[in-house]
Amino acid sequence: MGHADPQVATSLQPFWMPFSPNKEFKAEPRMFVRAEGMYFYTPDGRPVIDASSGLFCVAAGHCRREIAEAVYRQLQTLDYTAPFLRAHPKAFELAERVAQYTPAGMNRVFFVNSGSEAVDTAMKVALMYHRVRGQSQRQFFVARERAYHGVNFGGVALAGMVNNRRAYGPGLAGVYHMRHTALPENKFVRGQPEHGADLANDLLRFCNLYGGENIAACFVEPTAGSYGCLPPPKGYLELLRKICDDHGILLVFDEVITGWGRMGANFGAQAFGVTPDLLTMAKAITNGAQPMGAVAAKQAIYDAITDAGPQHGIEFFHGYTYSAHPASCAAGLAMMDIFRDEKLIDRAAAMSPYFTDAMHALADCPGIADIRSVGMMAAVEVAPVGAPGARGHELQKKLYDIGLNLKGTGDSLIVAPPFIAEKKHIDEIADKLREALTG
Ligand SMILES: Cc1ncc(COP(=O)(O)O)c(C=O)c1O
């Protein structure tokens, strides 16, 4: 442990770490200084297997040379151009490539820099779409408990994880939450659980209470990711789709984690056979090597907003200084080549049964409350010891020392390895998890 470079007495104090226990970390830092393929490396050169693809980003494994070189070349050719009123060819190329993976018809792509920005952008697209069609009364949003939709105010209002909301006031008015789908009868289920499709009727409850004609959009993660892998009950997303259609509500899938192969198909939309109207993505679109997110929209939504605008003026007053940044587009295009050339999504789907077996085999470890899985994602939830999340937190520290990196939320350990993982890597992840859970 210690500083990244012992030769440089860097103070750890000025960097205010996000979503981290700053005091604890700075007293006992756990750093990585290098990464390659499936592994991070600590300052003293110890390999730590990456069981969560960083934060669900690094689908193709770490430090892909193709991506690094594409970014380097791009920064030497065109480092930056304003994305408003000017553009560069790679933005168009990447949008076209992305649209080859999204569900049919979802072929208009708005680039942003993160999942949080994608969520807020999707909210604005929904409001704008209704407005241009003379339905500007549609101002309400419905989302779900236990959801994570990023940390901007729009996403926080939609989200359903209390610690991310409680300090920040009432947020946006008019956002309502359906119940989550974590039912006791769905414990230790592989893939989509049998029970809970009817929970989608909560959306109907809000239609009846506030008027379906006043609801702009319903946001869900096809599988709740950050909370700890909650796959949708069988029939749940289909029922949501139907209620949305019946009431003219846009269905938005937040696929920041579930997109790009994690569910065993291009997007959760295809994995679960339900097509939303808008779909957010980020993370693996560049393999995490450059910040980037996007909203894919049905063409009819883009057309409605664009056609309603003035002949020579801006149609949609929204965008970021770094939307479609050239370096991010270069990274995204290199990643699209990797997806294509290495059939990475097929590879994820093929490895999923082995991975799933390995994760569910941990059920005999002491104090396991639940194991949930779908595609190349699983959550091993431990029974709380003391305060909720305390055991999960202690496990996090132990995992670094054992040589395993994964994302924890509360008492759930979320496993989502890169798609380059071989069986030996899955075995190593499972063995190290067992060591941590039994030790
Ligand atoms: C479903 C979902 N939406 C939005 C976000 C926010 O993404 P970002 O951290 O890139 O802003 C995340 C991040 O994990 C996410 O899982």
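The values are calculated or read from the model by the stated rules, or taken from the named source; none is laboratory data. Nothing here was measured: the structure is a model prediction, and the numbers come from that model. Neighbour counts are summed over all protein chains in view; Cβ atoms, including those assigned to glycine, are modelled from backbone coordinates with ideal geometry.
F153 meets the conditions (1) within 14 Å of the ligand (Cβ to nearest atom); (2) touching a residue at least 60 places away in the same chain (Cβ under 8 Å) in every case but one. The failed one is (2).
Cβ-Cβ distance below 7 Å, separation of 6 or more or different chains: which pairs start in segment 220-241 with a residue that is under 23 Å from V156 (Cβ atoms) and near the ligand (Cβ under 9 Å from one of its atoms) and end on one that is among the small types (G, A, S) and in a loop (DSSP other than H, G, I, E, B)? Listed by first residue and then by second, the contacts come to E221/A147; A224/A147. Picking from residues in segment 140-149 that are more than 8 Å from the ligand (Cβ to nearest atom) and in a loop (DSSP other than H, G, I, E, B), the one that is surrounded by the most Cβ atoms within 10 Å (Cβ to Cβ) is R146. Among residues that are of a type in the set (V, I, T), in a helix (DSSP H, G or I) and at pLDDT 95 or above, I314 is not included. Scanning segment 203-219 for residues that are buried (at least 19 other Cβ atoms within 10 Å of the Cβ) and away from the ligand (no atom under 14 Å from the Cβ) turns up L203, F206, C207, G212, I215, A216, A217, C218.
Selection of first residues in segment 62-77 that are more than 17 Å from P418 (Cα to Cα) and charged (D, E, K, R) and of second residues that are surrounded by 13 or more Cβ atoms within 10 Å (Cβ to Cβ) and modelled with pLDDT of 95 or more, restricted to Cβ pairs under 8 Å at least 6 apart or on distinct chains, gives the following pairs, ordered by first then second residue: E69/A334; R73/A330. Select from segment 267-308 the residues that are of a type in the set (S, T, N, Q), within 13 Å of the ligand (Cβ to nearest atom) and in a helix (DSSP H, G or I) and list them in ascending order. Of everything in segment 267-308, just one residue is of a type in the set (S, T, N, Q), within 13 Å of the ligand (Cβ to nearest atom) and in a helix (DSSP H, G or I), namely T286. You will find that of Y101, Y80, the residue that is out of contact with any Leu (no Cβ under 7 Å at 6 or more places or on another chain), among the aromatic types (F, W, Y) and surrounded by 18 or more Cβ atoms within 10 Å (Cβ to Cβ) is Y101 and no other.
Answer yes or no as to whether R205 is part of a loop (DSSP other than H, G, I, E, B), farther than 27 Å from H318 by Cα and out of contact with any helix residue (DSSP H, G or I) (no Cβ under 8 Å at 6 or more places or on another chain). Taking the combined requirement at face value, the residue does not satisfy it. When R133, R166 are checked against the criterion of being surrounded by fewer than 13 Cβ atoms within 10 Å (Cβ to Cβ) and more than 14 Å from the ligand (Cβ to nearest atom), a single residue qualifies: R166.
More than 22 Å from D202 (Cα to Cα), modelled with pLDDT of 95 or more, assigned to a loop (DSSP other than H, G, I, E, B) and of a type in the set (A, V, I, L, M, F, W, C) - does that describe any residue in segment 150-162? If you could, list the steps in order and put the result at the bottom.
Quick first cut of segment 150-162, residues more than 22 Å from D202 (Cα to Cα) only: 150-153.
Imposing the further condition that a residue be modelled with pLDDT of 95 or more reduces the set to 150-153.
Retained after the next criterion (residues that are assigned to a loop (DSSP other than H, G, I, E, B)): 150-152.
The next check asks that each one be of a type in the set (A, V, I, L, M, F, W, C); those that pass are 151.
There is at least one residue in segment 150-162 that is more than 22 Å from D202 (Cα to Cα), modelled with pLDDT of 95 or more, assigned to a loop (DSSP other than H, G, I, E, B) and of a type in the set (A, V, I, L, M, F, W, C).
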